[in-house]
Amino acid sequence: MTHTLFNIVANFLLYVSRKTKLTYNEINIILYYMIIPFSWLCLLDGILGVYFLKMAFAIFMAGFFVGCRNFKIYSDELFKKSVSFLTYFNRFGSNYIASSVWICVALPIVIYAFLIYLMVK
């Protein structure tokens, strides 16, 4: 099951990378470090009735892109660090694929579910 889910997500990211002419690593970083956190902040803003969290993040991201000299190199380095983080769990009996599914798929789904619950509550 974890291999199947991992392959679905990886193939989706590869598809998006081909369509956007960005690398797999760039798409991965954009999704997990920018889009997902931004969507969580949008939900938090809705829950709290404020608008500054998503605006602050958007300003931070704009500043990042203005100051980032080479996003491809940055993405490659950050992706390597992400892989290193996920392989850290190997010492506890996990593996890269299982850790990726738990941390990069299951955990965000749980966070979305919790935030959406708080929003409609």
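Details
- Of Val9, Gly49, Val120, farthest towards positive along the dipole that unit charges on Lys, Arg, Asp, Glu beta carbons give segment 5-121: Val9
- q = 0.19 Å⁻¹, segment 1-66: log10 I(q)/I(0) [Debye, one scatterer per Cα]: -0.82
- Highest average packing first - 61-71, 43-53, Cβ atoms within 10 Å: 43-53, 61-71
- Segment 45-77-segment 1-35 distance, computed between alpha-carbon centres (Å): 19
- Relative intensity, log₁₀ I(q)/I(0), of segment 2-120 from a Debye sum that treats every alpha carbon as a point, q = 0.12, 0.15, 0.17, 0.23 Å⁻¹: -0.53, -0.82, -1.02, -1.32
- Mean residue ellipticity at 222 nm, helices only, the chain: -24500 deg cm²/dmol; runs of at least 4 DSSP H residues each add -39,500 (n - 2.57), and the sum is divided by the number of residues.
- Candidate lysines - alpha carbon under 29 Å from Lys121, same-chain residues fewer than 8 apart omitted: Lys54
- Proximal lysines relative to Lys80, as straight alpha-carbon distance under 24 Å, when same-chain residues fewer than 8 apart are discounted: Lys19, Lys21, Lys72
- Relative contact order for the chain, counting Cα pairs under 8 Å that sit 6 or more residues apart, in percent: 32
Taken together, the values in this text are just the output of simple stated rules run on the coordinates, not laboratory data. As the structure is a prediction and not an experimental result, all values here were calculated from the model. A quick note on method: Cβ atoms are made from the backbone with ideal geometry, for glycine too, and the neighbour counts reach across all protein chains shown.
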